[in-house]
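Undergrad: Here it is, the structure in full.
The values are calculated or read from the model by the stated rules, or taken from the named source; none is laboratory data. Predicted model, so just to flag it, every value in this text is computed and none were measured. Positions of Cβ are generated from backbone atoms using ideal geometry, with glycine treated the same way; all protein chains shown enter the neighbour counts.
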Amino acid sequence: MTEKTLVILKPDCMEKKLAGTVLARFEAADLEVKACKMIRMTDPVLREHYAHLIDKPFFGFLSNYMKRNPVIVLVLEGENAIATTRKILGPTKSADAPAGTIRGDFGDKEIVTFNICHASDSPESATAEISRFFKPEEVF
Ligand code: UDP
Ligand code: MG
């Protein structure tokens, strides 16, 4: 099934100059870029995007991290794009992520928050997240 998913190259990815490396891994898995922009995150967008975490004690720390430098937001398309992207990315905690995954290779092993990249986790969240960041005419 051909799907679209939303990926965010987070501030630590940009600071470590890993944007090209990370995108190359997705492209090597036959995922195609359908939309792309660089933005700085804001509190209203982060409260929406991380609504499921808003009551967690780390929410403020997560928000400050996501705002500290611009990010690249991407729509990727391919066969089972949502699951494929999450598999290449690895689990949320980089310390638990196997070598060869993006988080396993590049994420911070001590600080869970700093895990390089976001990817949608379901068809419902992919649809909501794509429309959060892109107008329909910006997705090719
Ligand atoms: N996060 C964190 N501490 C936690 C869990 C999550 O700082 O204990 C951050 C981390 O950056 C993660 C983001 O919050 O990527 C969103 O959490 P989610 O559970 O949705 O994980 P993801 O879908 O990114 O793997
Ligand atoms: Mg998530």
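Undergrad: Does LEU76 qualify as being modelled with pLDDT of 95 or more, more than 10 Å from ligand 1 (Cβ to nearest atom), touching a helix residue (DSSP H, G or I) at 6+ places or on another chain (Cβ under 9 Å) and not hydroxyl-bearing (Ser, Thr, Tyr)?
TA: yes
Undergrad: Still on this model: Of all the residues that make up the range 22-44, how many are surrounded by fewer than 16 Cβ atoms within 10 Å (Cβ to Cβ) and in contact (Cβ under 8 Å) with a residue 60 or more places away in the chain?
TA: Number satisfying all stated conditions: 2.
Undergrad: For the structure I just gave you, tell me whether ALA119 is touching a residue at least 60 places away in the same chain (Cβ under 8 Å) and within 16 Å of the chain's Cα centre (by Cα).
TA: Taking the combined requirement at face value, the residue satisfies it.
Undergrad: Would you check which residues across the range 115-134 are within 14 Å of ligand 1 (Cβ to nearest atom) and crowded, with 16+ Cβ neighbours inside 10 Å and list them?
TA: Matches in the range 115-134: ASN115, ILE116, CYS117, HIS118, ALA119, SER120, ASP121, SER125, ALA126, GLU129.
Undergrad: Determine if the range 46-65 includes at least one residue that is surrounded by fewer than 16 Cβ atoms within 10 Å (Cβ to Cβ), polar (S, T, N, Q), modelled with pLDDT of 95 or more and within 16 Å of ligand 1 (Cβ to nearest atom).
TA: Among the residues of the range 46-65, at least one is surrounded by fewer than 16 Cβ atoms within 10 Å (Cβ to Cβ), polar (S, T, N, Q), modelled with pLDDT of 95 or more and within 16 Å of ligand 1 (Cβ to nearest atom), which makes the answer yes.
Undergrad: Also, quick follow-up: Please determine, by comparing only the residues of the range 1-21 that are touching a residue at least 24 places away in the same chain (Cβ under 8 Å) and among the basic types (Lys, Arg), which one is surrounded by the fewest Cβ atoms within 10 Å (Cβ to Cβ).
TA: By that ranking, first place goes to LYS16.
Per-residue answers, yes or no, for (1) charged (D, E, K, R); (2) touching a Phe, Trp or Tyr at 6+ places or on another chain (Cβ under 8 Å):
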| residue | (1), (2) |
| --- | --- |
| MET38 | no, no |
| LEU46 | no, no |
| ALA51 | no, no |
| LYS67 | yes, no |
| LEU76 | no, yes |
